[in-house]
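Data block below; observations after.
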Amino acid sequence: MDFQNIIQNILPWLFDHGVKIIFIVAISYFIRRSIGVFIKRFIEGIVVSDHFLSKEAEKKREDTLIRIFSNTINILILIIALLMILQEFGLDIGPLIAAAGVIGVAVGFGGQYLIRDLISGLFIIIENQYRIGDIVCFDETCGLVEDITLRMTILRDMDGTVHHVPHGEIKKVSNLSKYFARVNLNIGVSYNSNLEKVIEVVNRVGQELVNDPKWKESIITAPQFLRVDDFADSAVIIKILGETKPLKQWEVAGELRKRLKIAFDKEGIEIPFPQTVIHQAKG
C-alpha cells in the first residue's frame, strides 16, 4: 500500500517536473554542442586578417579565441541549467541569486586581484599579444602556452614544469614565436684565420642549409655573415643572422652549428678555446 502511494506521488512529479528536467538537460547539451560551431563562425567573421601572419598563425589566434569564449559560455550554460533544475526540485532559487549577489559584492571589495587578472586577460586576448602554442617569456618564466583563460595563462617550460601565471602579475610579455623568428649566433674564430675565407664558408653553409629540402620550409632568409661583432681575448667574434618560421629558430640554429663545425674542420678554421699566456720573469 505504501509502495503504491509512493508510486502515485512520484509519477505525477516525473511526468511534470521530471520531463522538464530532462528537457532542460537535453537543451543544455544541444546548446553546448552547437555553440562551438556558432562561436567558430563568429570569431572567423570578426577577426580581421593580418597580412603579417601566416595561415598557421591566423588559425592559432582564432583557436585561442574560440577556446576562451567556448569555455566561458559553457560555464554560463551549466550555471543556468543547474539553477533551473534546482527550481524544478522545488528549491526557491531567489535567495540563492540574492546570496550570489551579496557574495559578488564581497568579492568586489576583497577580490581586486581577481578583477585585475580578468581585465588584464581581456586586453591580452583583444590585443593578440600571444596565443595557445606560442613560446613566451613573462620576466623570468618562459615556456609553451598550453592554455589561456580570462584569469591566467598556463605555460610548460623545457623541463616539463607547468606554470600558472595570473594575468595581473604579467608586467612584460616577450613572444618568441610571432610573425617570424631569427637565428642569431655569435661564433669565435682564431685570430690566425683568414677572415674572408671564414665569411665565404659561413655564407656557403647558410645557403646550403636553405637549399636543403628538409630545412627550406623552415627558413625565410638564409643565415649569413653580418659583421665582426667583437675582438675577444682569444677569438674574433663574428655574428651570423637569418630568419626562420616561428618556433623553428632553435632547430635551425642547432643544425647550422653542426654544419659550421664540420665545415670549419674541413677548411682548417679554428674555433679557439680560452688561453692564458704566462710570462716568466727573468731572474
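Would you pick out the residues in segment 226-274 that are among the β-branched types (Val, Ile, Thr) and free of Cβ contacts under 8 Å to residues at least 40 places away in the same chain?
To start, the set of residues in segment 226-274 that are among the β-branched types (Val, Ile, Thr) comprises 228, 236-238, 240, 244, 252, 262, 269, 271.
Within segment 226-274, Val228, Ile262 qualify.
Quick one: which helices (runs of 4 or more DSSP H) lie wholly within segment 25-141 and hold at least 2 residues that are within 26 Å of the chain's Cα centre (by Cα) and modelled with pLDDT of 80 or more? Before you say what the answer is, go through the steps one by one.
Numbers: elements: 55-88, 93-110, 112-126.
In segment 25-141, 55-88, 112-126 are the helices (runs of 4 or more DSSP H) which contain 2 or more residues that are within 26 Å of the chain's Cα centre (by Cα) and modelled with pLDDT of 80 or more.
Say whether the condition of being of a type in the set (Ser, Thr, Tyr), at pLDDT below 90 and over 30 Å from Phe273 (Cα atoms) is met by at least one residue in segment 160-175. First the steps, then the outcome.
Within segment 160-175, the first condition is being of a type in the set (Ser, Thr, Tyr), and the residues that meet it are 161, 174.
Pick out the ones that are also at pLDDT below 90 and you get none.
No; the residues of segment 160-175 include none that is of a type in the set (Ser, Thr, Tyr), at pLDDT below 90 and over 30 Å from Phe273 (Cα atoms).
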TODO: Could you look through segment 177-189, keep only residues that are crowded, with 16+ Cβ neighbours inside 10 Å and of a type outside the set (Lys, Arg), and pick out the one that is nearest to Leu150 (Cα to Cα)?
DONE: Ser177
Task: Selected residue (criterion: nearest to Leu114 (Cα to Cα)) from residues of segment 154-175 that are touching a residue at least 24 places away in the same chain (Cβ under 8 Å) and part of a strand (DSSP E or B) - done: Pro166
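The values are calculated or read from the model by the stated rules, or taken from the named source; none is laboratory data. Because the structure is a prediction, the values reported are computed rather than measured. Virtual Cβ from ideal backbone geometry, glycine too; neighbours counted across all protein chains shown.
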